[in-house]
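Here is the structure we will look at, set down as structure tokens.
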Amino acid sequence: MHFDLADLRLFIHIAEAPSLTQGARRAYLSPAAASARIKALESQFNTRLLYRDSRGTELTSAGQRLLEHARLIMRQVDYLKSEFTDFSDDSAGHIRIFANTTAVTEFLPEILAGFLAKRPGVSVDLKEKLSRDIVRGVVDGSTDMGIIAGPVTAPGLQILHFSTDRLVLAVACAHPLAERTQVTLEETLAYQHIGLNEGTTLFTFLRERVEQVGATLSVRIQLSSFEAICRMVEAGVGIGIIPESAALRHRQTMELSIVELDEPWAVRERSILVRDLEALPGCVRALITTLTK
């Protein structure tokens, strides 16, 4: 079996694009040339990889499997190039990160600012993802590393614990719950909540916890940051479940009360997920060292 890296990269472009034409454009090929290369790949593997029609392309089950392997192969090629750039120095390279809401909005920006300021040759692609998508991205090679909170089920991946946070209830100082030291999730459901936007990791997690107790979360407004949530809470608009680290920081400038959540899932272990730490480029390993030290 013989195929070259250019064919695998072309296949990835087509699989990630709405159509063969757009995938070919990303690979700087004509649609006819791209189609011929894909047919040659299918001949090599002796199976159909794509369904093609007027609406675009769709991967077959064999094509989905090839996409997973192709991504891993191309990532390893990128790692090889990076390792031999400055001979494994961590001063150059590209890092792809899938992370949850708290990581993206709370602590990663500050950490990355200091990390990148010392390494002008390093670039970062940071994307907020749901926990299941973070795990899947590390498994299939879509990302170099994942940052996740809470219990992790990730067979075959290395899990590196680096910090602990907890979810708490933020309320206005005059709120009826402000005098409580602890409160359960069910007790908070009698009040309107202020949450993050739909699709964020934390909002999805909380909604699932509410559904588990057979209730519905009454959301008055959804916002894009913990700071915005705290400002609404301070104004008496509603209550919000947020990370303790964010609540403590914003309490320094706002009139907020913090109430402990009496729930086993409130304590959140933060972990880094990787396929193989030693196989990662120097710049990725350096960032992981920065996070875990």
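Numbers at a glance
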{"read-out": "Condition broken by Phe226, with the remaining ones in (1) closer than 23 Å to Ile134 by Cα; (2) in contact with a Leu (Cβ under 6 Å, 6 or more places away or on another chain); (3) crowded, with 18+ Cβ neighbours inside 10 Å satisfied", "value": "(2)"}
{"read-out": "Residue among Ala170, Ala178 that is small (Gly, Ala, Ser), crowded, with 20+ Cβ neighbours inside 10 Å and either on the phi < 0 side of the Ramachandran plot or modelled with pLDDT of 90 or more (or both)", "value": "Ala170"}
{"read-out": "Out of Ala228, Ala286, sole residue that is part of a helix (DSSP H, G or I) and touching a residue at least 40 places away in the same chain (Cβ under 8 Å)", "value": "Ala286"}
{"read-out": "Entirely in the range 11-116, the helices (runs of 4 or more DSSP H) that have 2 or more residues that are among the charged types (D, E, K, R) and closer than 21 Å to Ile272 by Cβ", "value": "61-83"}
{"read-out": "Lone qualifier among Leu280, Leu261, Leu256, Leu287 - being assigned by TED's automatic domain parsing to the domain that holds Gly156 and modelled with pLDDT of 95 or more", "value": "Leu287"}
{"read-out": "Every residue from the range 204-225 that is touching a residue at least 60 places away in the same chain (Cβ under 8 Å) and hydrophobic (A, V, I, L, M, F, W, C)", "value": "Phe205"}
{"read-out": "Test: residue in the range 101-115 that is modelled with pLDDT of 90 or more, among the charged types (D, E, K, R) and either surrounded by fewer than 17 Cβ atoms within 10 Å (Cβ to Cβ) or closer than 23 Å to Leu5 by Cα (or both)", "value": "yes"}
{"read-out": "Subset of the range 140-162 that is at pLDDT 90 or above and among the polar types (S, T, N, Q) - its residue that is farthest from Thr289 (Cα to Cα)", "value": "Thr143"}
{"read-out": "Condition check for Arg37: within 19 Å of Arg75 (Cβ to Cβ) and either not aliphatic (A, V, I, L, M) or not assigned by TED's automatic domain parsing to the domain that holds Arg65 (or both)", "value": "no"}
{"read-out": "Complete set of residues in the range 79-98 that are at pLDDT below 85 and under 20 Å from Ile134 (Cβ atoms)", "value": "Tyr79"}
{"read-out": "Of residues in the range 22-32 being touching a residue at least 12 places away in the same chain (Cβ under 8 Å) and within 30 Å of the chain's Cα centre (by Cα), the one farthest from Thr47 (Cα to Cα)", "value": "Arg26"}
{"read-out": "Qualifying residues in the range 231-266 (those that are assigned to a helix (DSSP H, G or I) and over 30 Å from Gly137 (Cβ atoms)) - the one farthest from the chain's Cα centre (by Cα)", "value": "Glu234"}
{"read-out": "Wholly enclosed strands (runs of 3 or more DSSP E) of the range 130-222 bearing at least 3 residues under 29 Å from Leu287 (Cβ atoms)", "value": "145-149, 158-172"}
{"read-out": "Complete set of residues in the range 267-283 that are surrounded by fewer than 21 Cβ atoms within 10 Å (Cβ to Cβ), in a helix (DSSP H, G or I) and of a type in the set (A, V, I, L, M, F, W, C)", "value": "Leu277, Ala279"}
{"read-out": "Some residue of the range 117-140 being farther than 30 Å from Arg249 by Cα, surrounded by 13 or more Cβ atoms within 10 Å (Cβ to Cβ) and acidic (Asp, Glu)", "value": "yes"}
{"read-out": "Any chance Leu196 is modelled with pLDDT under 95 and touching a Phe, Trp or Tyr at 6+ places or on another chain (Cβ under 9 Å)", "value": "yes"}
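The values are calculated or read from the model by the stated rules, or taken from the named source; none is laboratory data. Since we're looking at a predicted model, the values are computed, not measured. With ideal geometry, Cβ positions are generated from the backbone for all residues, glycine too; neighbour counts draw on all protein chains shown.
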